[in-house]
Amino acid sequence: MKKLVIFDLDGTLLNTIADLATATNQALQHYGYPTHEVDAYRFFVGNGINKLFERALPESERTEENILKIRSQFIPYYDIHNADLSQPYPGITELLEALQQKGVRIAVASNKYQAAARKLVAYYFPDIRFAEVLGQREGVPTKPDPAIVNDILAQTGVKREEVLYVGDSNVDMQTAHNAGVTAVGVSWGFRPRAELEALHPAHIIDKAEELLAFLDE
């Protein structure tokens, strides 16, 4: 019986790509750099915002200084506009409610910076009692390093074999494998299904409610 489900955030619980693209594009434009179509950002995100900015900058401009410049412009804008266009994926709210009713604990492990991760989870899922919501924090390595999952397990006291880790990208599948927990890929996120299949998760689901079938494994 699974006692804890850990979810990735962007591309798994929430479709945040339009707001991430808009905020990054305004920062790029502010400094005179070319902008990108929203769809391109599906392959820029997933490893934290500094890596997002590195990928969005022209190849010849990917310096630490320029990444920090984009970050300084992005964060104040995104802090205000991060819920303009973002929405939960179909069936997600109902899935979280069903897990809560079953007494399964719920957590979030995201490479989104901590303040934004907690704000968005509280805004979109006000009736869900999350055991923990962790984003990218100073001094803690980003996924696929398992540190964020280990922190959640330490907080909840749940054993690894009692955990499902749910995400939409190769980063998430690697995180689950590195942490020694059961990986579940979701096909509705930012990355193609083939990327998930290459990492051999225990399951890949196409609809949110399909996750419930794996709780008794």
*Report yes if residue 151 is without any contact (Cβ under 8 Å) to a residue 60 or more places away in the chain, surrounded by fewer than 19 Cβ atoms within 10 Å (Cβ to Cβ) and outside any helix (DSSP H, G or I), otherwise no.*
no
_Looking at the stretch 104-129 only, could you name the residues that are assigned to a helix (DSSP H, G or I) and open to solvent by less than 50 Å² (accessible area, probe 1.4 Å)?_
114, 116, 117, 120, 121, 124
*What are the residues in the stretch 34-51 that are out of contact with any helix residue (DSSP H, G or I) (no Cβ under 6 Å at 6 or more places or on another chain), open to solvent by 50 Å² or more (accessible area, probe 1.4 Å), part of a helix (DSSP H, G or I) and of a type outside the set (D, E, K, R), if any?*
43
_Quick test of your reading of the structure: residue 150 fulfils all but one of (1) closer than 20 Å to residue 91 by Cα; (2) in contact with a helix residue (DSSP H, G or I) (Cβ under 9 Å, 6 or more places away or on another chain); (3) of a type outside the set (A, V, I, L, M, F, W, C). Name the failing condition by number._
(1)
*From 87, 101, which residue is open to solvent by 50 Å² or more (accessible area, probe 1.4 Å), within 17 Å of the chain's Cα centre (by Cα) and under 29 Å from residue 152 (Cα atoms)?*
87
*So is residue 16 at pLDDT 95 or above and either open to solvent by 60 Å² or more (accessible area, probe 1.4 Å) or closer than 17 Å to residue 195 by Cβ (or both) or not?*
no
_Cβ contacts < 6 Å: first residue under 17 Å from residue 46 (Cα atoms), restricted to the stretch 93-122; second residue in a strand (DSSP E or B) and hydroxyl-bearing (Ser, Thr, Tyr), any location; separation 6+ or different chain. Result?_
117/110
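The values are calculated or read from the model by the stated rules, or taken from the named source; none is laboratory data. As the structure is a prediction and not an experimental result, all values here were calculated from the model. We place every Cβ from the backbone using ideal geometry, glycine too, and count neighbours over all the protein chains shown. Remember, those area values only see protein heavy atoms, side chains included, never the ligands or the DNA or RNA. Shrake-Rupley method; radii C 1.70, N 1.55, O 1.52, S 1.80 Å.
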